[in-house]
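Notes to accompany the following structure.
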Amino acid sequence: MDRVVRRRLGFGGVLLATLFACASLTPSLLPRPWLYQGVMGAVTGILGYAVGATLGALGRAVISYRLPERTRRIAWQVMLGGCAALVVLALWYSYDWQRDLRALMGMDTRITWFPPVILAVAVVLFAVALLISRLVRLGGRKLIAWLDRYVPVYVGHAAGVLIVGLMVTVFANDVLFSGFVARVSDVSSVANQGTHPGVGRPTSAYLSGGPGSLVSWESLGKEGRSFTGTAVRPSRLAAFSGRPAADPIRVYIGLDSTSSPRAQAALAVRELERTGAFTRPVLAVLGTTGTGWVDPHIADTLEYMYNGRSAMVALQYSYLPSWASFLLDRDKAAYAGRVLFEAVRERWARLPPGSRPRLLLSGESLGTYELEGAFRDLPDLASKADGALFVGPPNANPIWGRLTGDRESGSPVWRPVYGSGQTARFAQHPDDLGRPPGPWAHPRVVYLQNASDPVVWWSPRLIYHKPDWLDGPRGPGINPKMNWFPLVTFWQVLGDMTTALDVPAGHGHRYGANIVDGWSAVAAPQGWDAEDTHRLRKLISGF
């Protein structure tokens, strides 16, 4: 058996493939299902094999000495035995690692975890990937041999490598990835025509798609219809406040409503004027995720706080889900946020200073990236808006990145302190908003970010750089047994995004009722107190 392995596989490739796959079994930010773990083992294993095979080839090119056959056979036997033992140990401990992680987040620790099946899935997928790579290598060798017949050897080798590399790149990008994205786009476009169950056309003239609206119900898209069709009813607002409530204003412009982001923004302003939004005490510009989704907790909380005397506006810039929009439409998202905010603010600035509503910003995930795109930096944001609540910001956010990078010495990256907290503060729990002690003037900017949110922490730098959030004290909910491994942690955290919503609020990408505390800190209406916040938290969290 070892002779077959030695002839077909490389020593360094097998060793690093095993080490990488075993490293993928260690805990990351969030619990993962057994099937995801099998796929993760295959992905990291093939990466490890590629690294090991490359290092081995370089070593053979530099060192011409060849070990005796007996020595090589013993080395292989020792390595294979050690790898087998390591795989068994890693699979054995992986069950407890996943249970510990679930316990840390208050989840049920009774899980389905099949180590033999995990291993089988990983091995099969690894074998398929290795077979494909071997076929590509074989084709490359045939091409190089053919070229060497007509050109000098070094020219043939260089040209062959370049041609194969170009063909693989073109196939991967223009065939596989582009085809996949086109399919996702087609599916998303069709999904955009649907409507969530229980969502109906609004009967209020204060909601886009309702009576007298400048945009049709059909043009709002699936998430736009959900946004305007689920506004909190005045009767529910009155039941919470104990006073007569106003009809909330929600304005939404879908991709099908007009021709371009700038035209969408202009139409949004006209719709705000139609509904009387500029006469309300508060006007919020909301960022959307890729499909146009707005977190209902963000919208509902503001309506409850202001007893319906609020106005909100958002627009859709993509059909694609957030991960695809982040990869392909990131600039489009930032542009949409900029033109919308500028259009709304220009109309708002024409009002007499004493008659202007509080101009607020809020979004979740890619929606925060969209809105940050409207500003140069934090001072620019604070000079143009009356407050902002950003929930689960991606690691690529420019303003968030500067605040985090320039944080005060001694403050952890998962709860940074910037500028003594005088404008912007970061929180996972409500108590975090009171730190650091000291003045917190308006306008205020709040970033809600869970220490275990992969959306916040995933970055290409994880490939080669140990992140600050794994250095020093760990944030709440971070497994103390989590470690950083080159290449592996990048894929672990990327995989965590697929389960980021499958955990309790306060972990992963779930923020729940903490949004109430965020809005209370940023834009509490006059007379609002801690008891009101407590009551609204219970209502928003469903208790």
Name every residue in segment 52-73 that is surrounded by 12 or more Cβ atoms within 10 Å (Cβ to Cβ) and over 23 Å from Leu487 (Cβ atoms), in order of residue number.
Arg72, Arg73
Index of the failed condition, Phe390 passing every other in (1) more than 17 Å from Gly367 (Cβ to Cβ); (2) open to solvent by less than 10 Å² (accessible area, probe 1.4 Å); (3) aromatic (Phe, Trp, Tyr):
(1)
Looking across segment 22-65 at residues that are touching a helix residue (DSSP H, G or I) at 6+ places or on another chain (Cβ under 6 Å) and without any contact (Cβ under 8 Å) to a residue 60 or more places away in the chain, the single one that is nearest to Asp108 (Cα to Cα) is Gly52
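Considering only residues that are open to solvent by 10 Å² or more (accessible area, probe 1.4 Å) and farther than 18 Å from Leu433 by Cβ, which ones fall in segment 364-373?
Within segment 364-373, Ser365, Tyr369, Gly373 meet the criteria.
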State whether the residues of segment 123-137 include one that is in contact (Cβ under 8 Å) with a residue 12 or more places away in the chain and more than 22 Å from Leu19 (Cα to Cα).
yes
Within segment 291-363, which helices (runs of 4 or more DSSP H) (wholly inside it) include 1 or more residues that are crowded, with 19+ Cβ neighbours inside 10 Å and β-branched (Val, Ile, Thr)?
296-305, 330-349
Restricted to segment 246-285, and to residues that are open to solvent by 10 Å² or more (accessible area, probe 1.4 Å) and part of a loop (DSSP other than H, G, I, E, B), which residue is nearest to Glu372 (Cα to Cα)?
Ser260
The one condition in (1) farther than 26 Å from Ser409 by Cβ; (2) in contact with a Phe, Trp or Tyr (Cβ under 7 Å, 6 or more places away or on another chain); (3) open to solvent by 10 Å² or more (accessible area, probe 1.4 Å) that Val488 fails to fulfil:
(3)
Determine if segment 485-498 includes at least one residue that is charged (D, E, K, R), over 21 Å from Ser362 (Cβ atoms) and in contact (Cβ under 8 Å) with a residue 24 or more places away in the chain.
yes
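Among the residues of segment 61-68, are any closer than 30 Å to Ala500 by Cα, of a type in the set (Phe, Trp, Tyr) and assigned to a loop (DSSP other than H, G, I, E, B)?
Restricting attention to segment 61-68, the residues satisfying the condition of being closer than 30 Å to Ala500 by Cα are none.
No, because not a single residue in segment 61-68 is closer than 30 Å to Ala500 by Cα, of a type in the set (Phe, Trp, Tyr) and assigned to a loop (DSSP other than H, G, I, E, B).
Rundown of residues vs (1) more than 29 Å from Leu283 (Cβ to Cβ); (2) of a type outside the set (Gly, Ala, Ser), yes/no style:
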residue	(1), (2)
Tyr464	yes, yes
Val488	yes, yes
Gly495	yes, no
His509	no, yes
Pro525	no, yes
Trp528	no, yes
Leu539	no, yes
Checking Thr498 against (1) modelled with pLDDT of 95 or more; (2) open to solvent by 10 Å² or more (accessible area, probe 1.4 Å), only one condition comes out false. Which one?
(1)
Per the filter on segment 375-387, residues open to solvent by less than 10 Å² (accessible area, probe 1.4 Å) and not in a helix (DSSP H, G or I) are Ala385, Gly387
Selected residue (criterion: surrounded by the fewest Cβ atoms within 10 Å (Cβ to Cβ)) from residues of segment 1-24 that are at pLDDT 95 or above and small (Gly, Ala, Ser):
Ala23
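The values are calculated or read from the model by the stated rules, or taken from the named source; none is laboratory data. Remember, predicted model here, so these are calculated numbers, not experimental data. Here Cβ is always computed from backbone atoms with ideal geometry, including for glycine, and neighbour counts include all displayed protein chains. Keep in mind that these areas ignore ligands, DNA and RNA; they rest on the heavy atoms of the full protein, side chains included. Shrake-Rupley method; radii C 1.70, N 1.55, O 1.52, S 1.80 Å.
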